[in-house]
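Take a look at the structure below.
The values are calculated or read from the model by the stated rules, or taken from the named source; none is laboratory data. Quantities reported herein were computed from a predicted structural model and do not represent experimental measurements. Reconstructed Cβ throughout: ideal geometry from the backbone, glycine too, with neighbour counts over all protein chains shown.
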């Protein structure tokens with residue numbers, strides 16, 4: 001791209017899975033789109049559980065069929081209290097069939113998802129791909145100007161920040177954020193095992209955080225093991241056989257003998273919340289707007305709900321109009337803040353050994369196990385929260401004629 005001025009309806013900064021999905025959805029809605037930023041694929045054993053509504057979005061965007069051979073269905077999600085608490089409850093299982101679904105969603109490697117979405121965006125003639133870093137964001141007449149590292153400039157009526165926890169778009173738009181850390185790191189990898197997973201994901205709740213097995217095709221599963229940073233560094237330094245034995249022991253050999261079958265990665269745990277989800281001709285999605293630990297398969301799915309809500313709220317004649325962005329902010333505030341608070345509270349409760357906290361967590365699991373209507377309500381809210389569905393559509397401004 002030369003140093004001249006490109007002009008589009010929507011510029012999306014950040015070509016990760018959420019940003020690329022937003023580019024495809026915006027193009028399908030009839031907007032001209034620029035997808036800005038260098039791709040930075042990470043091969044660190046991370047996977048993502050793409051839940052039902054998010055998978056439907058991927059299908060609408062034309063990438064679900066390409067992902068199906070690389071994805072495993074999630075039919076059952078099991079919670080196991082492995083804290084040693086006096087109030088420890090038996091395992092609690094959530095079954096998709098209980099709410100009329102064949103599966104909650106599908107688990108796929110994050111790098112595979114990112115590659116499929118980016119390939120679809122680069123093949124779409126309606127999307128201008130600009131692999132340059134953003135240096136500044138400026139206000140213009142009825143638009144925002146994006147200044148790039150190579151000196152080029154893009155004019156957009158709406159800029160969407162999908163550029164992660166250290167978002168340049170968020171900072172340049174003057175949107176405040178609260179950032180925090182946990183005394184944990186997440187070790188991620190992919191394992192091969194001797195027993196079939198039967199499409200069951202198991203989340204062991206330990207005193208250092210959850211250790212979760214999530215199905216992949218064949219006798220393979222991804223592992224997300226949250227623990228103290230020193231312990232994580234020690235395990236990362238071990239050879240494959242020693243690490244596999246540690247994971248097998250931590251998961252009580254539920255999947256039999258294990259061996260490493262993919263790369264490994266280590267990510268410090270933290271959280272982020274923003275004071276608002278939009279500003280003058282700017283909207284935030286994905287980890288530019290919310291970050292929390294990988295508990296309950298909420299992270300990427302929350303970002304995909306951002307994409308769906310933004311698509312529903314935008315004014316067709318002016319995607320950066322204040323009315324549409326105001327509707328988007330209201331829609332995301334309830335859903336995101338509820339999810340962030342719930343995940344934060346659960347994670348902190350695992351790190352606490354106070355008896356009242358243990359009792360409250362144990363009572364909550366018992367209620368979910370024993371009270372069918374409550375369990376089904378929680379499952380439905382996890383997949384399709386009422387605050388993130390119809391209100392966005394109802395609040396959408398009518399297109400101007």
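Things to note:
- Test: residue 6 is surrounded by fewer than 21 Cβ atoms within 10 Å (Cβ to Cβ) and within 19 Å of residue 155 (Cβ to Cβ): yes
- Residue in the stretch 307-318 that is surrounded by 24 or more Cβ atoms within 10 Å (Cβ to Cβ), in contact (Cβ under 8 Å) with a residue 40 or more places away in the chain and in contact with a strand residue (DSSP E or B) (Cβ under 8 Å, 6 or more places away or on another chain) present: yes
- Just one of the listed residues (247, 175) is closer than 30 Å to residue 326 by Cβ and in contact (Cβ under 8 Å) with a residue 40 or more places away in the chain, and it is 175.
- Residue list for the stretch 284-321, filter: in contact with a helix residue (DSSP H, G or I) (Cβ under 7 Å, 6 or more places away or on another chain) and assigned to a loop (DSSP other than H, G, I, E, B): 285, 289, 292, 293, 295, 296, 298, 314, 315
- Selection from the stretch 218-237 of residues that are in a loop (DSSP other than H, G, I, E, B) and exposed (fewer than 13 other Cβ atoms within 10 Å of the Cβ): 218, 237
- Subset of the stretch 252-275 (residues that are assigned to a loop (DSSP other than H, G, I, E, B), crowded, with 20+ Cβ neighbours inside 10 Å and within 24 Å of the chain's Cα centre (by Cα)): 262
- Residue match in the stretch 178-191 (condition: farther than 19 Å from residue 236 by Cβ, touching a strand residue (DSSP E or B) at 6+ places or on another chain (Cβ under 7 Å), without any contact (Cβ under 8 Å) to a residue 40 or more places away in the chain and surrounded by fewer than 23 Cβ atoms within 10 Å (Cβ to Cβ)): no
- Residue check: residue 170 meets all listed conditions (1) crowded, with 22+ Cβ neighbours inside 10 Å; (2) in a strand (DSSP E or B); (3) modelled with pLDDT of 95 or more but one, namely (2).
- Being within 18 Å of residue 283 (Cα to Cα) and surrounded by 18 or more Cβ atoms within 10 Å (Cβ to Cβ) is not true of residue 120.
- Taken as a whole, the stretch 84-102 holds at least one residue that is crowded, with 18+ Cβ neighbours inside 10 Å, within 26 Å of residue 191 (Cβ to Cβ), touching a helix residue (DSSP H, G or I) at 6+ places or on another chain (Cβ under 7 Å) and modelled with pLDDT under 95.
- Subset of the stretch 58-69 (residues that are surrounded by 17 or more Cβ atoms within 10 Å (Cβ to Cβ) and either at pLDDT below 90 or under 21 Å from residue 201 (Cβ atoms) (or both)): 58, 64, 67
- Boolean, residue 161 is touching a strand residue (DSSP E or B) at 6+ places or on another chain (Cβ under 7 Å) and surrounded by 23 or more Cβ atoms within 10 Å (Cβ to Cβ): yes
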